[in-house]
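All remarks here apply to the structure that follows.
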Amino acid sequence: MASGVFGRSDAEIDQLVRGKRSGIAVVGFGYIGTVIGAVLAERGWPVTGIDVRQHVVDEINAGTTSVREPGLAELVSNNVQAGRLCATTDFSAVADNDFVIVTVGTPLGPDFEPIVDDIEAAARAVGQHLRAGHLVTLKSTVPPDTTEQLVQPILEQISGLRAGVDFGLAFCPERLAEGRAIRDLTSIPVVVGGVEERSARACSTLWRHTLGVESVVVDDPRTAEMIKLADNLWIDLNVALANELAKVCDRLGIDVLQVIDAANTLPKVNHNVNILMPSMGVGGYCLTKDPWFVNHLGQSLGLELVTPRTSRTVNDTMPVYTFELVKQLLADRGKPLETSRVAVLGIAFKNDTGDCRLTPTKYTVALLEESGCDLSVHDPWVTDDEAVSVTTIALTPDIDSAVKDADALVFLTGHRQFRQIPLVRLAELAAPDCVFLDGRNCFDPAEVRAAGLIYKGIGR
């Protein structure tokens, strides 16, 4: 039985964390939970992943994971073999670990309200095994006040213990980007909001010594909860700005990346202007969800917010806009879309991941399917099982077959495998006068044109 961390002196907690003389339970072993668990195990902690899905637990205990993140499979395999990482469906494992990290999901409801059922269920299960000395950290993306008004009362009621007195409780927003999550976890500052000062200090000590990152301590959990939403709303709004600039530049025949690169040299306050990249759409679990969280939050507070709806509306237009670009590019060559052969390259929502959750590519592909064109789809990162959530067309296993005799190459992601293929080879495989739509603005237009292909980017 672990001896507890919360309630000790700062010096004792510091020594305990440095010596890793305890264990960490990660509740919810999905994408974020698996990354956090594997990295903490790699840093020397005994980590137990807790998940209600038996197949997830079986995978981890076999040293494998279906989460496709660069470097993650190796971390899982190595740390399971080393005995530092295991998984279970049994929440009683909570009792044997001083640190409990909750990373279960919060999907959107039909009215864009956050569904916190899984958070509530996790809190009830953790509460049954909570003891004095535990430090519980919530990392799920949730509306402000969830930690203190939902999770804390459940934990206290079921355990009979008091947060901030008998056990520690804090919120630390997850701030990882898919495709570089391991690097982000070990480099980006961790935001910490504790229910009181001792919880915040204990939580900060864990992340500082284990990951070597700065802790940004804020007043309370509700502030930390709002920070994650603010980050993702900023990103979505910034991309919406880039996308509307791209549309204007398309009409004017200007390269939007030249505009953005030069605009970003202007100093403003403590930083330069920082306009992000336009693309064929925004997808994934967080950026498509969190602005609606903020919008719903505004409504619950009697506020009519405009920016969350604006960013979502703008970014949701991009898949259709991309389809229309393909159609126009082919028409300019005298090729009707419905009689053309089109190769879609990449359907994941992000470069160098196989994640198709809420991918914007789904809508572009659906329009291409409806057009009646001869369509092939290839994505080296996406499994056949995952692909069915995007398209009814079976994936073409290799890029050569997908590109063969194509009138249009439509890059909806910029996977590194695509960027490494010699462009001349693509031109040789494709039909004469082939158009090349760069939906992620990942390629050099001059190089594409030099290979004999007709280049078009989003805003380029």
Counting only Cα, what are the radius of gyration and maximum Cα-Cα distance Dmax of region 271-335, in Å? 16.5, 55
Sorted from largest down, what three extents in whole angstroms do the Cα atoms of region 43-201 have along their principal axes? 39, 37, 30
Per-residue ³J(HN,Hα) for region 307-318, Karplus 6.51 cos²θ - 1.76 cosθ + 1.60, θ = phi - 60°, Hz, x for Gly and Pro: 5, x, 5, 5, 4, 5, 5, 4, 5, 6, 7, 5
Scattering from the C-alpha atoms of region 171-212 alone, worked out with Debye: what is log10 I(q)/I(0) at q = 0.14, 0.15, 0.26, 0.28 1/Å? -0.33, -0.37, -0.89, -0.97
What is the Cα centroid distance between region 122-148 and region 378-427, reported in whole angstrom? 43
Global geometry of region 364-406, whether rounded, prolate or oblate, following the gyration tensor of its Cα atoms and the 1.5 cut on a/c: oblate
Given charges at Cβ of Lys, Arg, Asp, Glu: the chain dipole, positive-most of 194, 377, 281: 194
If you project the alpha carbons of region 3-89 onto the principal axes, what extent comes out on each, in Å, largest first? 40, 24, 20
Value in Å of the Kirkwood radius, where region 230-366 supplies the Cα pairs that are averaged: 16.7
For region 161-251, run through the GluC sites (Glu not before Pro) and keep only the ones in DSSP coil with at most 16 other Cβ atoms within 10 Å of their Cβ. 196, 214
Amide H of residue 25: which non-local residues (sequence gap of 5 or more, or other chain) have their own amide H closer than 5 Å, using H built in the peptide plane? 48, 99, 100, 101
The distance between the Cα centres of region 157-189 and region 313-357, in whole Å, is 38
Interchain or sequence-distant (5+) residues whose placed amide H lies within less than 5 Å of the amide H of residue 145 are 222
Using the structure shown, select from 327/456; 327/362; 335/404; 335/456; 247/404; 228/289 the pairs with a Cα to Cα distance greater than 19 angstrom. 247/404
The Kirkwood hydrodynamic radius of the chain, taken as the inverse of the mean 1/r over all distinct Cα pairs, in Å, comes to 23.7
How fast does region 50-136 diffuse by Stokes-Einstein, in µm²/s, taking the Kirkwood radius from C-alpha pairs at 4 °C and 1.567 mPa s? 88
Determine the dipole magnitude for the chain: charges of +1 sit on the beta-carbon of Lys and Arg, -1 on that of Asp and Glu, nothing else is charged, the reference point is the Cα centre, and the result goes in debye to the nearest 20. 840
Of 234, 353, 204, which is farthest on the positive side of the dipole of the chain, counting Cα position, with +1 on Lys and Arg Cβ, -1 on Asp and Glu Cβ, and the Cα centre as origin? 204
Residues whose modelled amide H sits under 5 Å from the amide H of residue 431, counting only those 5 or more places away in sequence or on another chain, are 405, 406, 407
Considering only protein heavy atoms and a 1.4 Å probe, what is the carbon-and-sulfur percentage of the accessible area of region 126-179? 42
Region 1-141 - accessible surface per residue (Å², probe 1.4 Å): 39
The chain, relative contact order [Cα under 8 Å, separation at least 6], %: 11
³J(HN,Hα) computed for each position of region 355-370 - Karplus, 6.51 cos²θ - 1.76 cosθ + 1.60, integer Hz, glycine/proline x: 7, 10, 5, 6, 6, x, 4, 4, 6, 5, 5, 4, 5, 5, 4, 5
Whole Å is fine, so just give me how far the alpha carbon centre of region 238-268 lies from that of region 1-47. 44
Rg (one decimal) and Dmax (whole number) from the Cα set of region 293-374, in Å, equal 17.1, 55
Computed over region 364-460, the convex hull of the Cα set has an average projected area, in nm², of 6.0
Charges only on Cβ, +1 for Lys and Arg, -1 for Asp and Glu: so what's the dipole of region 15-165 about the Cα centre, in debye to the nearest 20? 720
For region 188-268, the percent of all C-alpha pairs falling in each 5 Å bin, from 0 up to the bin holding the max distance, is 3, 13, 15, 14, 11, 9, 10, 10, 8, 4, 2, 0
Which trypsin sites (Lys or Arg not before Pro) in region 354-432 sit in a loop by DSSP (not H, G, I, E or B) and have at most 13 other Cβ atoms within 10 Å of their own Cβ? none
Taking θ as phi - 60°, what are the ³J(HN,Hα) couplings along region 261-274 by the Karplus curve (6.51, -1.76, 1.60), each to the nearest whole Hz, with x for Gly and Pro? 4, 6, 4, 6, 8, 7, x, 9, 6, 8, 9, 6, 3, 9
Relative compactness, region 232-276, computed as alpha-carbon Rg over 2.2 N^0.38 Å: 1.20
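The values are calculated or read from the model by the stated rules, or taken from the named source; none is laboratory data. All of these numbers come straight from a predicted model, not from anything done at the bench. Because the Cβ atoms are built from the backbone with ideal geometry, glycine has one as well, and the counts that use them run over all protein chains shown. These area figures cover heavy atoms from the full protein model, side chains too; ligands, DNA and RNA do not enter into them. Shrake-Rupley method; radii C 1.70, N 1.55, O 1.52, S 1.80 Å.
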